[in-house]
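One structure, pasted below without further comment.
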Amino acid sequence: MIEGILPSSVRWVQSFTDRADIELFPEEQAVVANAVEKRQTEFATVRACARDALAALGHPPVPLVPGERGAPSWPAGVVGSMTHCAGYRAAVVARSSDVATLGIDAEPNHALPEGVLPAIGRPEDLTALAALPKSAGIAWDRILFSAKESVYKAWFPVARQWLDFEDATVTIDADGTFTARILIPGPMLSGRPLTALSGRWAADDNLVMTAVVVGQDA
């Protein structure tokens with residue numbers, strides 16, 4: 001499913017089970033040394049995915065430690081994003097000469113817990129959600145949440161500032177695309193202020209996924 005929402009310039013690796021075929025670097029081990037086992041295994045598995053994706057770009061394994069606001073660090077010349085949820089882990093990378101920034105997110109395909117949607121959705125978000133077809137098996141509110149997560153993951157590496165759920169309005173289209181309008185001042189990207197982002201979404205019985213990829217020619 002992930003391959004359908006990413007351009008060919010992006011390399012991706014996913015896993016539906018935890019992986020034991022990775023030895024973390026000391027810097028990575030230090031991050032999760034005191035974490036519960038579940039956190040340690042998802043941390044290791046998503047980094048195994050990231051290493052494989054980097055290898056597809058010709059990069060050797062390197063420590064991938066969380067930096068500011070938890071954003072993962074990447075080798076020079078690479079942009080990337082990671083995601084994990086119950087039963088799924090994935091990492092995507094691209095050369096920074098091809099892609100300016102990107103973000104991915106995966107979530108379980110079921111409705112958000114009670115009270116979450118009003119906390120993450122602006123009035124215009126909720127109006128747009130209500131207009132979507134009542135398709136069986138698609139949790140539109142979860143796609144909205146995931147899209148805002150992907151928007152933030154693409155925003156932060158270039159803006160270096162927090163983007164709250166209320167700082168962007170997202171319109172989801174039933175054709176598998178979405179657009180986000182940024183409501184706070186942002187950085188310049190490709191010679192223009194970053195005021196909007198677009199992305200793609202997909203869903204199956206178990207998962208919803210979203211991706212934002214901003215090409216250098218955007």
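If I go through region 183-218 residue by residue, how many of them are in contact with a Phe, Trp or Tyr (Cβ under 8 Å, 6 or more places away or on another chain), part of a strand (DSSP E or B) and not hydrophobic (A, V, I, L, M, F, W, C)?
Total meeting the criteria: 4.
Go through (1) in the same structural domain as W74 (by TED's automatic domain parsing); (2) in contact with a Phe, Trp or Tyr (Cβ under 8 Å, 6 or more places away or on another chain); (3) not acidic (D, E) one by one and return the number of the condition A86 breaks.
The one condition A86 does not meet is (2).
Scan A111, A131, A76, A56 and give me the residue that is of a type in the set (A, V, I, L, M, F, W, C), surrounded by fewer than 18 Cβ atoms within 10 Å (Cβ to Cβ) and within 17 Å of W12 (Cβ to Cβ).
Exactly one residue qualifies, and that residue is A56.
Among all residue pairs at least 6 apart or on different chains, which show Cβ distances below 9 Å where the first residue, located in region 99-122, is farther than 21 Å from G137 by Cβ and the second is modelled with pLDDT under 95 and among the small types (G, A, S)?
V99/G215; A100/S190; A100/G215; A100/A218
Is it fair to say R181 is surrounded by fewer than 22 Cβ atoms within 10 Å (Cβ to Cβ), free of Cβ contacts under 8 Å to residues at least 24 places away in the same chain and not assigned by TED's automatic domain parsing to the domain that holds T83?
It is true that R181 is surrounded by fewer than 22 Cβ atoms within 10 Å (Cβ to Cβ), free of Cβ contacts under 8 Å to residues at least 24 places away in the same chain and not assigned by TED's automatic domain parsing to the domain that holds T83.
Would you mind stating whether A55 is hydrophobic (A, V, I, L, M, F, W, C), part of a helix (DSSP H, G or I) and closer than 26 Å to R200 by Cβ?
Answer is yes for this residue.
Somewhere in region 3-10, is a residue within 19 Å of the chain's Cα centre (by Cα) and without any contact (Cβ under 8 Å) to a residue 12 or more places away in the chain?
Within region 3-10, one or more residues are within 19 Å of the chain's Cα centre (by Cα) and without any contact (Cβ under 8 Å) to a residue 12 or more places away in the chain.
Consider A180 against the criteria (1) among the hydrophobic types (A, V, I, L, M, F, W, C); (2) assigned to a strand (DSSP E or B); (3) closer than 16 Å to P133 by Cα: it satisfies all of them except one. Which criterion is unmet?
Of the numbered conditions (1) among the hydrophobic types (A, V, I, L, M, F, W, C); (2) assigned to a strand (DSSP E or B); (3) closer than 16 Å to P133 by Cα, the odd one out for A180 is (3).
Anything in region 68-84 that is assigned to a loop (DSSP other than H, G, I, E, B) and either touching a residue at least 12 places away in the same chain (Cβ under 8 Å) or touching a strand residue (DSSP E or B) at 6+ places or on another chain (Cβ under 9 Å) (or both)? List them, or say none.
Residues satisfying the conditions are A71, S73, W74, P75, G77.
Would you point out the residue of region 160-175, among those that are hydrophobic (A, V, I, L, M, F, W, C) and out of contact with any Ser or Thr (no Cβ under 9 Å at 6 or more places or on another chain), that is surrounded by the fewest Cβ atoms within 10 Å (Cβ to Cβ)?
My answer is W162.
The values are calculated or read from the model by the stated rules, or taken from the named source; none is laboratory data. Predicted, not measured: the structure shown is a model, and the values here were computed from it. When we count neighbours, we look across all protein chains shown, and the Cβ atoms used for this are built from the backbone with ideal geometry, even at glycine.
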